[in-house]
Structure formats: structure tokens, C-alpha cells
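The values are calculated or read from the model by the stated rules, or taken from the named source; none is laboratory data. All figures in this text were calculated on a predicted structure; none of them were measured in a lab. Cβ placement follows ideal geometry from the backbone for every residue including glycine, while neighbour counts extend to all protein chains displayed.
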Amino acid sequence: MSLMTVEEYIQFLQGKGFQLQEDAIGFIQFGKQYTNASDELTNTAIELTLKAQKGFDGSFYVSLLEMLVSNQIKTRPEAIKYVKEKDLISI
């Protein structure tokens, strides 16, 4: 996946038919600002949340993003490796 802004990624998901409600978009923006995460890490946390929860769960997303940031995870491949190693979600 090429590097997209969070807004572009949300539009990409909506283009694929996945509708995020306004509260979900609010959680996404809050999590990004709260953790000071990059767009790449934020988008990865959105993707992993959707895969793990089969929908958007705001508290799961914020917790995941916090965990990735606190463990100095910077890229999508690092994030995927981390969640697999920690057996947090099966993808």
C-alpha cells in the first residue's frame, strides 16, 4: 500500500464500500493526535482493527495505536510483525 494520508485511507475504505461512521472517524483522529502517530501507523492500526474486530472498534483501535507507538513501531511491516509475535490478532 502506498503511503496515504489518513483522510485518503478513509476515502479508500469508503470507496471499497466500508462506511465509517462519524464517531469512528472522530476516534481515528483522536487516536492519531493523542499518540502523535504517523499516517502510516494510524492507517495500519485502522486496517488491523478492521481485520481483528470485523468492524471498527474505537477503543480497540486507540489501544492498539498506543501499544504500537509505545513500542516504537514505525512502519506497517513492523506493526504486522509485532501483532503476530504478540499473538494479539490473527491475520
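Couple of notes before you dig in:
- Positions within region 53-91 being among the basic types (Lys, Arg) and under 18 Å from ILE28 (Cα atoms), in sequence order: LYS54, LYS74, ARG76
- Qualifying residue in region 70-79 (condition: over 21 Å from LEU3 (Cβ atoms) and among the hydrophobic types (A, V, I, L, M, F, W, C)): no
- Checked against (1) at pLDDT 95 or above; (2) surrounded by fewer than 15 Cβ atoms within 10 Å (Cβ to Cβ), SER38 passes all but a single condition, namely (2).
- When ASN43 is tested against the conditions (1) over 16 Å from ILE10 (Cα atoms); (2) part of a helix (DSSP H, G or I); (3) modelled with pLDDT of 95 or more, the lone failure is (1).
- Scanning region 10-27 for residues that are assigned to a loop (DSSP other than H, G, I, E, B) and closer than 21 Å to SER59 by Cα gives PHE18, GLN19, LEU20, GLN21.
- Scanning region 49-69 for residues that are touching a residue at least 24 places away in the same chain (Cβ under 8 Å) and hydrophobic (A, V, I, L, M, F, W, C) yields LEU50, ALA52, PHE56, VAL62, LEU64, LEU65, LEU68, VAL69.
- For region 41-53, the set of residues classified as polar (S, T, N, Q) and surrounded by fewer than 20 Cβ atoms within 10 Å (Cβ to Cβ) consists of GLN53 only.
- Residues of region 43-64 include at least one that is of a type in the set (S, T, N, Q) and over 25 Å from GLY17 (Cα atoms).
- Number of residues in region 54-71 that are more than 17 Å from TYR9 (Cα to Cα), touching a helix residue (DSSP H, G or I) at 6+ places or on another chain (Cβ under 9 Å) and loosely packed, with under 15 Cβ neighbours inside 10 Å: the value is 3.
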